[in-house]
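Asks: Take this structure first; my questions come after.
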Amino acid sequence: MPPQPPAPPVFYSFPTTDVLVDSLANFVVKAQRDAVEKRGKFTIALSRGSLAANLKGLVGQENVQWDKWEVFFCDEAAVPLDSEDSNYHSNVLSFLSDVPIPPNQIHTVDVSQLQDLEELADEYEKQLIGHFARSNAARYPTFDLMLLGIGPDGETASLFPGHELLTEKDAWVAYLDDAPRGPKRRITMTLPVLTHCYRAVFVVSGSEKAEMLHAVLDEPEKGLPSSKVRPASPGLVFFFADNAASGLTKYPPTAFRWIDNEKEAEEAVAAAKRKAARRAEEGEE
Ligand SMILES: O=C(O)[C@H](O)[C@@H](O)[C@H](O)[C@H](O)COP(=O)(O)O
């Protein structure tokens, strides 16, 4: 079978993250239902950063089959599990401590047992292999849902622009000791794993991300790490809040599903029409 084309992205735009959290929770729960129906369980991977806070809407969701969840972390700092730098810890504070996922289905690495970064990465890769070998892993595991952020330089998980890890094709989990921001020592899922999933959702908020998002989405030829996560159809979704998407040029406002921000939507459509009319006029001159 020829390789499937990358999915055209689906965009949701929210006025604020307060509005986004409920829709994101609904989206995750729907993805869970779909996965459990088709494959009997739900494998989800969570990226470091502000994402954890945006998952708090999962608490109190009804009809969730928490016992079917298998939670992994796209990237993790080599810090104790109760450190505020720990991705696991951020997610515990946000929602994991309030939902009944069996603890052995939340897959962490414990630096109090292992200090060496290479060993940490190997240990986490073994956990992935142990889990996915029983189900769908051929060359790479296929997560039901990858939840990702985009950092100020276009990084995602702990894959930073220009870093040698971006070319890693063999390992599922790799390590770095030179992260340019935050804790330097980390492990991260590699690009083939991030991209080889049923659905990837990027959650991005804040107008300070607008310029960088323009580079990620409108100029993929620049090859920023976040531009390279392109699951096969139909799996690429963006949740935007607080004007994060205001710098995009390639996608018209009509490509967005505007949630609770009709006024902004109307303004964006009107601005796009004015721009198109101006261009047409300039063409005539
Ligand atoms: O440690 C980190 O920060 C992550 O490695 C990074 O890739 C993160 O996912 C993005 O920076 C988005 O984070 P924010 O949503 O917090 O900006």
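Asks: Taking the criterion of being within 25 Å of A121 (Cα to Cα) and exposed (fewer than 15 other Cβ atoms within 10 Å of the Cβ), would at least one residue in segment 72-81 satisfy it?
Replies: yes
Asks: Just to check your reading of the model, which residue among E211, E168 is among the acidic types (D, E), surrounded by fewer than 19 Cβ atoms within 10 Å (Cβ to Cβ) and more than 30 Å from V19 (Cβ to Cβ)?
Replies: E168
Asks: Say we look at segment 140-163 and pick out the residues that are charged (D, E, K, R) and more than 6 Å from the ligand (Cβ to nearest atom); which of these is farthest from the chain's Cα centre (by Cα)?
Replies: Step by step, filter segment 140-163, then rank; the result is D153.
Asks: Which of the residues that make up segment 164-176 are more than 14 Å from the ligand (Cβ to nearest atom) and either over 23 Å from I44 (Cβ atoms) or charged (D, E, K, R) (or both)?
Replies: E164, T167, E168, K169, D170
Asks: Still on this structure, I have one more. Considering only segment 140-198, state which residues are on the phi > 0 side of the Ramachandran plot and among the aliphatic types (A, V, I, L, M). Step through it out loud before you land on a result.
Replies: The initial filter retains those residues of segment 140-198 that are on the phi > 0 side of the Ramachandran plot, namely 154, 157, 162, 182.
Matches in segment 140-198: A157 only.
Asks: Could you check segment 37-129 for strands (runs of 3 or more DSSP E) lying wholly inside it with 1 or more residues that are among the polar types (S, T, N, Q)? Don't jump to the end; show me each part of the working.
Replies: Numbers: elements: 42-46, 69-73, 75-77.
Correct list: 42-46.
Asks: Test of understanding: among Q32, Q61, which residue is over 17 Å from M146 (Cβ atoms) and either of a type outside the set (S, T, Y) or at pLDDT 95 or above (or both)?
Replies: Q61
Asks: Restricting attention to segment 115-139, report how many residues are within 16 Å of the ligand (Cβ to nearest atom) and hydrophobic (A, V, I, L, M, F, W, C).
Replies: Within segment 115-139, residues that are within 16 Å of the ligand (Cβ to nearest atom) and hydrophobic (A, V, I, L, M, F, W, C) number 3.
Asks: Inside segment 243-253, can you point out the residues that are in a loop (DSSP other than H, G, I, E, B) and either surrounded by fewer than 20 Cβ atoms within 10 Å (Cβ to Cβ) or over 20 Å from the mean Cα position of the chain (by Cα) (or both)?
Replies: N243, S246, G247, T249, K250, Y251, P252 - these are the residues of segment 243-253 that are in a loop (DSSP other than H, G, I, E, B) and either surrounded by fewer than 20 Cβ atoms within 10 Å (Cβ to Cβ) or over 20 Å from the mean Cα position of the chain (by Cα) (or both).
Asks: Of the residues that sit in segment 180-207 and are touching a residue at least 40 places away in the same chain (Cβ under 8 Å) and small (G, A, S), which one is farthest from the ligand (Cβ to nearest atom)?
Replies: A200
Asks: Here's a follow-up. Restricting attention to segment 19-36, does a residue exist that is surrounded by 14 or more Cβ atoms within 10 Å (Cβ to Cβ) and part of a loop (DSSP other than H, G, I, E, B)?
Replies: no
Asks: With the structure loaded, tell me whether Y88 is without any contact (Cβ under 8 Å) to a residue 24 or more places away in the chain and surrounded by 17 or more Cβ atoms within 10 Å (Cβ to Cβ) or whether it fails that test.
Replies: Values: without any contact (Cβ under 8 Å) to a residue 24 or more places away in the chain: yes; surrounded by 17 or more Cβ atoms within 10 Å (Cβ to Cβ): yes.
Here the answer is yes, as Y88 does meet what is asked.
Asks: For segment 130-144, which residues satisfy the criterion of being crowded, with 20+ Cβ neighbours inside 10 Å, in contact with a Cys (Cβ under 8 Å, 6 or more places away or on another chain) and in a loop (DSSP other than H, G, I, E, B)?
Replies: Within segment 130-144, none qualify.
Asks: Looking at L96, L117 in this structure, which one is touching a residue at least 24 places away in the same chain (Cβ under 8 Å) and under 20 Å from the mean Cα position of the chain (by Cα)? Don't jump to the end; show me each part of the working.
Replies: Numbers: L117 fails: under 20 Å from the mean Cα position of the chain (by Cα).
Just a single option satisfies the conditions, and that option is L96.
Asks: Quick check on segment 43-50. Is at least one of its residues away from the ligand (no atom under 16 Å from the Cβ) and over 27 Å from A265 (Cβ atoms)? If you could, list the steps in order and put the result at the bottom.
Replies: Pass one, segment 43-50, residues away from the ligand (no atom under 16 Å from the Cβ): 43.
After this cut, where a residue has to be over 27 Å from A265 (Cβ atoms) as well, the list is 43.
Yes, because at least one residue in segment 43-50 is away from the ligand (no atom under 16 Å from the Cβ) and over 27 Å from A265 (Cβ atoms).
The values are calculated or read from the model by the stated rules, or taken from the named source; none is laboratory data. Computed from a predicted model, the values in this text were never measured in an experiment. Neighbour counts are summed over all protein chains in view; Cβ atoms, including those assigned to glycine, are modelled from backbone coordinates with ideal geometry.
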